[in-house]
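The values are calculated or read from the model by the stated rules, or taken from the named source; none is laboratory data. Everything quoted here is computed from the prediction, not taken from an experiment. Note that we place each Cβ from the backbone using ideal geometry, even for glycine, and neighbour counts take in every protein chain shown.
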């Protein structure tokens, strides 16, 4: 049995980018808290490919991280997203404001998880978008 644990899936159809793109397009984007928390991420093409990969490999079992091989902090993520949409991302949302806005959900937003795809890599999985800037550009392309 496989337990697939997915990072933030980057897609133009919604999810994290669906929430962030409008803010960043209006130059209202920025880091969350101190920005030092790691954010696992991957492009939707790689996520779908990872699902197929584990279904096709009977020798894979247990926990499998479906995330890109190059983890980034929230600060790196927001800087890169700002660069991709050609807008500065100078703002930040303080921890207290996040907690006030989302309550218990703040911990999920501020939680740091430096996740790597160890099982996928060990079994020879190849990522189409291993670099964040390339993944964001592809996900936001029309």
The one condition residue 40 fails out of (1) touching a residue at least 12 places away in the same chain (Cβ under 8 Å); (2) over 20 Å from residue 130 (Cα atoms); (3) out of contact with any helix residue (DSSP H, G or I) (no Cβ under 9 Å at 6 or more places or on another chain) is (2)
Matching residues in the range 115-134 (loosely packed, with under 12 Cβ neighbours inside 10 Å and either assigned to a loop (DSSP other than H, G, I, E, B) or at pLDDT below 95 (or both)) number 2
Do you know which residues across the range 12-21 are buried (at least 17 other Cβ atoms within 10 Å of the Cβ) and in contact with a strand residue (DSSP E or B) (Cβ under 9 Å, 6 or more places away or on another chain)?
16, 17
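Per-residue answers, yes or no, for (1) without any contact (Cβ under 8 Å) to a residue 40 or more places away in the chain; (2) buried (at least 19 other Cβ atoms within 10 Å of the Cβ); (3) closer than 14 Å to residue 10 by Cβ:
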| residue | (1), (2), (3) |
| --- | --- |
| 48 | yes, no, yes |
| 56 | yes, no, no |
| 63 | no, no, no |
| 66 | no, yes, yes |
The condition of being touching a residue at least 24 places away in the same chain (Cβ under 8 Å), surrounded by fewer than 17 Cβ atoms within 10 Å (Cβ to Cβ) and within 17 Å of the chain's Cα centre (by Cα) holds, among 83, 75, 87, only for 83
In the range 22-37, what residues are farther than 18 Å from residue 133 by Cβ and surrounded by 15 or more Cβ atoms within 10 Å (Cβ to Cβ)?
23, 27, 32, 33, 37
What number of residues in the range 14-37 are without any contact (Cβ under 8 Å) to a residue 24 or more places away in the chain and assigned to a loop (DSSP other than H, G, I, E, B)?
0
Okay, helices (runs of 4 or more DSSP H) sitting entirely in the range 66-110 with 1 or more residues that are over 19 Å from residue 24 (Cα atoms), I get 95-102, 106-110
Output the number of the condition that residue 140 fails; it satisfies all remaining conditions of (1) touching a helix residue (DSSP H, G or I) at 6+ places or on another chain (Cβ under 9 Å); (2) loosely packed, with under 14 Cβ neighbours inside 10 Å.
(2)
